[in-house]
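Only one structure is covered here, and it is reproduced in the block below.
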Amino acid sequence: VLLADGSVLVVGSGIGELSSEAFVYRPSLVGPLSSGALLSFASSELSRGLSARNPQRATIQGGPDAHLELTLGNTGSEWLIVSGPRFTGLSLSSRIAATGAASIYFGWQSPSEHWRVVAQGGTKPRLLRMEAGQESEQGSCGGTTLSSLGGALSFHDVELAVAGRDVELTMDAELVLSCSLEDAPATGQAGLGLQGAIGQELRVEFISLER
């Protein structure tokens, strides 16, 4: 039985045998079954564990307002995926600033197989699915037009919750997107990204992932 913290309850001693034996198996804290992850760019230890599409576009800016800075090149899109844990149910929290369209990825299998929520000021957030390299809008969604994010580089608290077929995005404690899917997304990794024009930026103070 998979428990809420990512550990596994094992009951019985063998196939077809009755037994009162039981134990809890705790998988590696840094592998695909780990219960979560925290990346903070104010700490060299906590800043490890990101896979970037182009590592040269992702730099850590130190100091009292330490953050990771992702800058767009001529591809028009960059992403940062948290290495290790894979999630079905997910709570992703972050503090971000963006001058382009920010994306929150989940169910990540590869660049051609994943889900993402796109958020940009002046538009309603959208839920997209990339399947076999083809992207389409998904779900029955209700959303709120964002008055900020995507213009000036001001930071916002964002939280993405994925529970079964339900996906919700909260920004600065306000629910801005709620979607119901036909099927629950596949288990996968999670992360952040940016789409837009050359030179646009995504700044990230931290990323927290929990089951």
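Being in contact with a strand residue (DSSP E or B) (Cβ under 9 Å, 6 or more places away or on another chain) and without any contact (Cβ under 8 Å) to a residue 12 or more places away in the chain narrows it down to one residue among SER140, SER112, SER94, SER136; which is it?
Sole residue among the options that is in contact with a strand residue (DSSP E or B) (Cβ under 9 Å, 6 or more places away or on another chain) and without any contact (Cβ under 8 Å) to a residue 12 or more places away in the chain: SER136.
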Complete set of residues in the range 188-202 that are open to solvent by less than 60 Å² (accessible area, probe 1.4 Å) and either over 23 Å from GLN109 (Cα atoms) or assigned to a loop (DSSP other than H, G, I, E, B) (or both): GLY196, ALA197, GLY199, GLN200, GLU201
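If you take the residues in the range 100-143 that are among the basic types (Lys, Arg) and under 14 Å from PRO185 (Cα atoms), which one is farthest from the chain's Cα centre (by Cα)?
My answer is ARG129.
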Any hit, the range 152-163, residues being surrounded by 19 or more Cβ atoms within 10 Å (Cβ to Cβ), over 13 Å from the mean Cα position of the chain (by Cα) and more than 22 Å from THR88 (Cα to Cα): no
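The values are calculated or read from the model by the stated rules, or taken from the named source; none is laboratory data. A quick note: this is a predicted structure, and the numbers were derived from the prediction, not measured. Note that each Cβ is placed from the backbone with ideal geometry, even for glycine, and that neighbours are counted across all protein chains shown. For the accessible areas, the whole protein counts, side chains as well, though only heavy atoms, and no ligand, DNA or RNA atoms are used. Shrake-Rupley method; radii C 1.70, N 1.55, O 1.52, S 1.80 Å.
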